[in-house]
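Engineer: Got a structure for you, questions after.
The values are calculated or read from the model by the stated rules, or taken from the named source; none is laboratory data. Everything numeric in this text was worked out from a predicted model, so none of it was measured. All Cβ positions, glycine included, derive from the backbone under ideal geometry; neighbour counts span all protein chains shown. We work out accessible area using only protein heavy atoms, side chains counted, and drop any ligands, DNA or RNA first. Shrake-Rupley method; radii C 1.70, N 1.55, O 1.52, S 1.80 Å.
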Amino acid sequence: MNETETKLVAAARKAAQEAYAPYSEYQVGSALLFDDGAIITGSNVENASYGLSLCAETVAVSRAFGEGRRGGLEMVAVVGPMDKGDGAPITPCGRCRQILNEIAQLGGTDPVVLCVGNEEVRRVLLSELLPHAFGPAHLT
Ligand code: THU
C-alpha cells in the first residue's frame with residue numbers, strides 16, 4: 001500500500017473500534033477519502049431490532065452528506081474484524097454499494113474501494129462492485 005492507502009486503512013481500522021455491534025460482534029470501520037484530502041469515517045451501528053442496523057459505509061456516507069459533500073469521493077476503505085471469518089477481504093454489502101454510488105456519481109468519480117483482509121488488500125473500483133448502477137444521473 002502507498003502512504004495514502006495506509007492512512008485511509010488506519011482511519012477505517014480506528015473507526016471499527018467505535019462500532020456499536022453488540023449483536024453480531026462484527027465490528028466494521030469505513031473511511032472515505034475526498035479530493036480535498038479530507039477523510040470521513042463511520043462504523044456499524046446495530047439495533048435491537050436487528051434489521052435496522054446500519055453498516056459502516058452507510059454511516060460514513062451519511063456523515064459526508066451531513067457535512068455538505070456532494071461528490072469528490074476518491075477512495076474508500078473497509079475493514080472488518082481480524083478474528084472472524086476466513087480473513088478474506090471484506091467487501092461492501094449490496095445496499096452500501098448503492099449508497100456509495102450516490103455520492104460518487106454526484107461528483108462523477110469512480111472511487112477505488114480498498115477491501116481489507118487479514119493478509120491482502122483488494123483494490124476494486126466501485127463500478128466493478130456495482131456495474132450498471134442506477135443513480136442520480138438517471139433522474140435528471
Ligand atoms: N457490515 C458493515 O458494516 N459493512 C459491510 O460492508 C458488511 C456488514 C456490518 C453490518 C452488521 O452490523 C455486521 O457487519 C454483520 O453483518
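Engineer: Could you look at segment 30-140 and say what percent of its accessible area is carbon and sulfur, using a 1.4 Å probe and all protein chains?
Structural biologist: C and S atoms contribute 52 percent here.
Engineer: Another question, if that's okay. With label points built 7 Å along Cα→Cβ from the Cα atoms of Met82 and Phe134, find their separation and express it in nm.
Structural biologist: Each label point lies 7 Å from its Cα, and together they span 4.1 nm.
Engineer: Mind listing P(r) for the chain? All alpha-carbon pairs, 10 Å bins, whole percents.
Structural biologist: 13, 46, 33, 8, 0
Engineer: On C-alpha positions alone, give me the angle between the axis of helix 94-107 and the longest principal axis of the chain, in degrees, nearest 10.
Structural biologist: 40
Engineer: Ignoring everything but the protein chains, give the 1.4 Å probe accessible area of Leu130 in square angstrom, nearest 10.
Structural biologist: Rounded to the nearest 10, that gives 40 Å².
Engineer: Go ahead and estimate [θ] at 222 nm for the chain from helices alone: -39,500 (n - 2.57) per DSSP H run with n ≥ 4, summed, over the residue count, rounded to 500. Working shown, then result.
Structural biologist: On the way: 4 runs with 43 residues, N = 140.
Calculated from helices alone, the mean residue ellipticity at 222 nm is -9000 deg cm²/dmol.
Engineer: Continuing with the same structure: Quote the FRET efficiency, to the nearest 0.05, computed for Ala48 versus Asn2 with a Förster distance R0 of 41 Å and r equal to the Cβ-Cβ distance.
Structural biologist: It comes out at approximately 0.50.
Engineer: I've got another one for you. Under a 1.4 Å probe, what is the accessible area of the chain per residue, stated in Å²?
Structural biologist: On a per-residue basis, 53 Å².
Engineer: Further, regarding this structure: Compute the relative contact order of the chain as a whole-number percentage, counting only Cα pairs closer than 8 Å that sit 6 or more residues apart in sequence.
Structural biologist: Dividing the mean separation by the residue count of the chain yields 20 percent.
Engineer: Return the sequence-ordered ³J(HN,Hα) values of segment 42-59 in whole Hz as given by the Karplus equation 6.51 cos²θ - 1.76 cosθ + 1.60 applied to θ = phi - 60°, using x for Gly and Pro.
Structural biologist: x, 9, 6, 10, 8, 9, 4, 8, 2, x, 8, 4, 10, 7, 4, 5, 5, 5
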